Amino acid sequence: MSNIIKLLPDSVANQIAAGEVIQRPASVVKELLENSIDAGATQITLIIKDGGKTLIQITDNGYGMSETDARMCFERHSTSKIDNASDLFRIKTMGFRGEALASIASISRVELKSRLKNAELGTEVIVEGSVAESQHPCQCPAGTTVAVKNLFYNTPARRNFLKSENIEKSHIFNEFARVAMATPKTGFKYYYNNKLTLQVDPSNLKQRISGLFGTTYNQRLIPVEENTDIISVSGFVLKPEFARKRRSEQFFFVNKRYVKAPYLNHSVENAFSELIPDGMHPSFFLFLETDPSNIDINVHPTKTEIKFQNEAFIYKILLSSVKRALGRFNISPSLDFERETAFDDVIFDKDRPVSMPTIKVDPDYNPFKTDKSASRLMSERKNPQQWEKLCNDMKEAEKTDDEGQGKDHNIFNKNFYDECSRDINTSLAQKEKRFWQLNDRYIITPVKSGLMFIDQQRAHERILYEKFLKKYENKKTTVQQLLYPLKAEFIESDANIMREIIPHINALGFDISEFGGNTFVINSIPAEIKESENIVQIIEELLENYKKNLSEPKLDIYKNIARSLAKSEAIKHGRVLTEKEMNTLVGELFACSMPGVSPASKPALFILTYQELSDRFK
Ligand code: ADP
Ligand code: MG
């Protein structure tokens with residue numbers, strides 16, 4: 001058999017490399033921005049059209065390239081950034097593989113113009129599908145402009161794989177934001193479909209974060225600063241009360257390069273562990289600087305994964321520096337969740353005097369005599385499977401109830417609630433204190449069959465959720481006009497979601513409209529919300545919750561919003577409640593159709609029966 005091995009033509013090799021490096025338009029944006037930063041640019045303009053499918057253009061005022069370099073840069077493994085293998089351990093630049101431009105030019109049409117600072121004329125090179133089409137001298141400003149057109153034109157599979165314009169647009173924005181965050185001294189202008197979407201001037205990190213995420217971030221940031229021989233840590237963490245359901249605002253940069261390193265995230269989350277509720281995640285923008293020889297960033301072509309030589313040490317440094325930063329700012333859990341929440345409509349006697357806490361004993365009560373209905377239900381609840389079954393029943397009941405049928409499903413629960421309801425109403429009507437708060441989290445109250453525990457946050461979510469659903473049903477809202485309209489600014493991807501859900505949010509009594517760019521203006525709010533509250537934060541949380549709930553595909557958009565707003569507006573764990581507030585909360589809870597479960601179908605209350613109690617003492 002004759003020889004069969006042959007070298008792949010460069011154009012094919014480049015396309016294969018492109019498959020790894022350029023997954024979507026955002027990858028091109030990242031590579032080109034990084035090249036501009038490596039070229040020492042202090043001003044960069046990014047122009048995107050149609051999610052990057054038709055045009056990605058980046059102009060910088062960096063060093064520029066000579067005539068030869070402007071041609072050479074499209075060759076595979078052409079780089080000015082390393083000379084030999086040992087340089088790999090001293091990398092200070094963003095790029096070094098010499099692959100990006102060759103890969104990009106193999107799957108698009110690239111028009112590059114570049115001029116060295118001292119040269120009179122620049123040069124223009126056009127390459128399409130790895131083939132150099134032309135090179136001419138040209139007039140252009142010092143620096144480089146790279147225009148990438150018709151990306152993936154010759155790789156239809158990739159092109160078809162692209163997501164909707166909005167999704168590609170948000171990926172692009174995310175890459176842009178990461179680079180812009182790591183280089184606050186460089187100014188950026190970002191045009192999308194001919195509109196200036198964002199402009200950030202050269203500044204410091206704090207201003208850059210506000211520039212990208214909105215001016216409200218200014219007051220939320222706590223500085224972190226720590227220097228050791230091996231590594232230095234700097235940047236900001238957000239105050240614990242701005243923790244999020246998703247890890248969408250966790251940014252790590254190592255030597256100014258955005259990286260993904262779960263164990264680093266873990267370390268910071270660990271530092272926050274006692275300050276934020278379970279299931280929430282802190283936000284942070286942290287920069288680690290270390291000698292390049294301590295890290296290996298070559299593990300992945302897109303260079304977002306990183307390996308440290310001494311991971312355990314870095315973990316500890318990070319943990320202690322964040323803890324110290326929080327300590328310096330006197331962050332303690334009790335302070336974090338203090339927020340005014342509306343408790344206006346007290347349903348019982350408002351002027352009822354506050355009495356000393358006493359525990360009321362029912363002299364007729366015999367714990368050994370089993371109470372038929374409630375107690376049977378409770379003993380069924382003893383094991384977790386039963387609990388789960390009960391929850392599922394409730395979920396089912398709620399589902400069918402929402403659809404206005406299957407009321408029979410509810411009988412099991414309704415009996416129980418009716419009975420609890422009677423107990424609670426009796427308690428509420430009494431002059432003595434009947435409600436106590438436990439661990440700033442639960443409300444406890446004696447009922448006939450035992451001691452009822454109510455989760456204050458879930459209970460309030462249930463109350464608000466049902467209120468909001470009623471608004472949708474009745475198409476009636478009570479609105480309060482804000483004295484001063486508020487502005488909220490979102491990152492690109494969030495702004496897109498906002499545009500979609502505004503009509504539904506407004507149906508609840510908000511008046512929010514687009515203001516231009518990614519800014520929205522809030523003119524009025526529903527009557528349930530106090531003007532003194534942090535309205536912008538409520539909207540931001542609503543959006544976060546909404547995004548999280550999207551994982552339940554069957555959830556209607558209006559129910560998602562009702563649930564999300566209920567969650568963001570509900571009083572949180574850690575909030576100390578007055579007796580009056582507890583009375584109102586419990587009263588309103590038992591006026592709900594499903595008092596026992598949160599809108600997300602988690603238990604909102606349970607009863608520790610006297611039977612269970614006495615079993616404990618056996
Ligand atoms: P790498 O960045 O890994 O070196 P690239 O393919 O991204 O590889 O770029 C190849 C080379 O082209 C770079 O090493 C640099 O010398 C040059 N280059 C690319 N973009 C620019 C730019 N905006 N300004 C100046 N030089 C550039
Ligand atoms: Mg590069």
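Looking at region 10-206 alone, DSSP beta bridges between its own residues are antiparallel in about 85 percent of cases.
I'd like the carbon and sulfur percentage of the solvent accessible area for region 383-618, probe radius 1.4 Å, heavy atoms only, ligands and nucleic acids excluded.
Accessible surface attributable to carbon and sulfur in region 383-618 totals 52 percent.
Find the accessible area per residue for region 545-618; the probe is 1.4 Å, ligands and nucleic acids are left out, and the unit is Å². Walk me through the numbers before you get to the answer.
On the way: 3050 Å² over 74 residues.
Computed with neighbouring chains in place, this is 41 Å² per residue.
The GluC sites (Glu not before Pro) of region 88-155 meeting both criteria, a DSSP state outside H, G, I, E and B (loop) and at most 10 other C-beta atoms within 10 angstrom of the site's C-beta, are 120. When the solvent-accessible area of region 1-160 is split by element, carbon and sulfur atoms take up 53 percent of it, the probe being 1.4 Å.
Could you give the length gained on full extension between residue 478 and residue 263, defined as 0.36 nm per residue of separation minus the Cα-Cα distance, in nm?
72.6 nm
Rounded, prolate or oblate for region 383-618? Axes are the square roots of the Cα gyration tensor eigenvalues, ordered a ≥ b ≥ c, and the cut-off for rounded is a/c under 1.5. Because a/c hits 1.5 or more and a/b exceeds b/c, region 383-618 counts as prolate.
When the listed pairs 548/572; 206/487; 113/256; 245/307; 433/618; 163/559 are checked against a 29 Å cut-off, the alpha-carbon distance exceeds it for 433/618. Looking at the square roots a ≥ b ≥ c of the eigenvalues of the Cα gyration tensor of region 10-206, which shape do they give, rounded for a/c under 1.5, prolate if a/b is larger than b/c, or oblate? Note, shape of region 10-206 comes out rounded. About the centre of its Cα atoms, region 101-192 shows a dipole size close to 320 debye [charges on the beta carbon of Lys, Arg (+1) and Asp, Glu (-1) only; nearest 20 debye]. For region 454-540, trypsin sites (Lys or Arg not before Pro) meeting the loop criterion (DSSP other than H, G, I, E, B) and having at most 11 other Cβ atoms within 10 Å: 475, 476. Using the Cβ-Cβ distance between residue 296 and residue 470 with R0 set to 56 Å, the FRET efficiency from 1/(1 + (r/R0)^6) comes to roughly 0.45.
Report the charge-dipole magnitude of region 220-328 in Debye, nearest 20, computed about the Cα centre from +1 at each Lys and Arg Cβ and -1 at each Asp and Glu Cβ.
380 debye
The Cα atoms of region 116-199 give a gyration tensor whose axes a ≥ b ≥ c have a/c of 1.5 or more with a/b no greater than b/c, which makes the shape oblate. One decimal place: the segment residue 16-residue 163 gains 50.8 nm when fully extended, by the rule 0.36 nm per residue minus the C-alpha distance.
Assuming charge only on the beta carbon of Lys and Arg (+1) and of Asp and Glu (-1), the dipole of region 383-618 about its Cα centre is about 580 debye to the nearest 20. Look at the dipole of region 383-618 built from charges on Cβ: of 605, 557, 486, the Cα furthest out on the positive end belongs to 605. Based on protein heavy atoms only, region 220-328 ends up with 42 Å² per residue of surface accessible to a 1.4 Å probe. Computed extension length for residue 194-residue 245: 14.9 nm, one decimal, from 0.36 nm per residue of separation with the Cα-Cα distance subtracted. With all protein chains kept in place, the per residue accessible area of region 1-136 amounts to 50 square angstrom at a probe of 1.4 angstrom.
The values are calculated or read from the model by the stated rules, or taken from the named source; none is laboratory data. These numbers were taken from a predicted model, which means no experiment stands behind them. Quick reminder, even Gly has a Cβ in these numbers, built from the backbone with ideal geometry, and neighbours come from all protein chains shown. Calculation scope for accessible area: heavy atoms of the full protein, side chains included, ligands and nucleic acids excluded. Shrake-Rupley method; radii C 1.70, N 1.55, O 1.52, S 1.80 Å.
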